[in-house]
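Only one structure is covered here, and it is reproduced in the block below.
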Amino acid sequence: MFPTAAQARLLGVVAGYLADLTFADPARGHPVALFGTAAARVERVTYRDSRTAGVVHVGLLVGGAGLLGAALQRRAGPTAATALATWVSLGGTSLARTGNRMASFLDGGDIDAARRLLPSLCGRDPAALDEAGLTRAALESVAENTSDAQVAPLLWAAAGGAPAVLGYRAINTLDAMIGYRSPRYLRFGWAAARLDDVANSIGARVTAGLVVVCAPLTGGSPGGAVRAWRRDAGRHPSPNAGVVEAAFAGALGVRLGGPTQYRHELQIRPTLGDGRPPTVGDLRRAVRLSQLVQASAVALAALACAAPNVFSGRGFRGFSALRARSATGL
């Protein structure tokens, strides 16, 4: 008997998560990197300094990613396709390894190595950062990517299988490539940035909720996470990153935000949380909290896949049959 669509997605989500835990990202030829290369080539043709051109650019690439997922699903089956698409869309294991490497470099006083590593976490200018700045940048990146690269892909895979999660990953990658307010991308990148806001809206809030739940497991404060989330999230320029970063700040008892130097611009961001500046030890705690949140998100995604069967007529009929057998002693 073949699994239902929801059961196939459940199996695929769990298998994809386990593949990420076991193998992390592919060492060479990562599909996301290949997509980025293709997107840059398409941009040479589609680029115009207008929102309309950006909409066309995003539509072509996101639509293509979704069609690729649908084709993979038809050829390999929904379980295998969802597993593969989830694996290549997740970045939890690589994020944890990079965050811990950053902590090790900072613990050892190797600021140059930490600066070289930072671009693999975020787009900030590492040359402008000292140890405290590198620590904060890494922790904020771990927090934001807990949603973008862990929780949100799992939820999209649970909701729509391979087409949905590959489409989501395309949106997120395009936002990272062109979703800037620089002179070149202010209009052309508008569609990618706005679509990413929509695609991550639920994932960011689920992530923040799971931070509250998991905070005690890292010596953190659930109440602090809720307070910072409610009070500070709206101060952040991103409607989604602010939610997650504020929850992390409150949970860990640290203060995030402040001057943030990107290659394109200097942003003066409001502070999130009211604790101390983060230390290297806090960065390690953030990595652990991120891992716990992802594991919890897998369980939540699996529950979302299983719910249609639990609450379907077939599920209720099975439950009624079980009660009837119990009543008759069979």
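Among the numbered conditions (1) more than 24 Å from A103 (Cβ to Cβ); (2) touching a residue at least 24 places away in the same chain (Cβ under 8 Å); (3) among the basic types (K, R), tell me where R136 comes up short.
Answer for R136: the failing condition is (1).
What's the number of the only condition in (1) out of contact with any Ser or Thr (no Cβ under 7 Å at 6 or more places or on another chain); (2) within 30 Å of L186 (Cα to Cα) that G36 fails to meet?
(1)
Give the residues of segment 109-124 that are without any contact (Cβ under 8 Å) to a residue 60 or more places away in the chain, closer than 16 Å to V142 by Cα and not in a helix (DSSP H, G or I), sorted by residue number.
Passing the criteria: L121, C122.
For segment 36-63, how many residues meet the condition of being of a type outside the set (S, T, N, Q) and not in a helix (DSSP H, G or I)?
Number satisfying all stated conditions: 3.
Of the residues L90, L68, L60, L121, which single one is at pLDDT 95 or above, of a type in the set (A, V, I, L, M, F, W, C) and crowded, with 20+ Cβ neighbours inside 10 Å? Even if it seems obvious, please write down each step before you answer.
Details: L68 fails: crowded, with 20+ Cβ neighbours inside 10 Å; L60 fails: crowded, with 20+ Cβ neighbours inside 10 Å; L121 fails: at pLDDT 95 or above.
It is L90.
Could you say whether any residue in segment 175-189 is crowded, with 22+ Cβ neighbours inside 10 Å and either under 18 Å from L256 (Cβ atoms) or within 14 Å of the chain's Cα centre (by Cα) (or both)?
Yes: one or more hits.
What are the pairs, 6+ residues apart or on separate chains, where a residue within segment 12-35 that is part of a loop (DSSP other than H, G, I, E, B) has its Cβ under 9 Å from a residue that is among the charged types (D, E, K, R)?
A24/R97
The values are calculated or read from the model by the stated rules, or taken from the named source; none is laboratory data. Predicted model only: the values in this text are computed from it and were never measured. Neighbour counts are summed over all protein chains in view; Cβ atoms, including those assigned to glycine, are modelled from backbone coordinates with ideal geometry.
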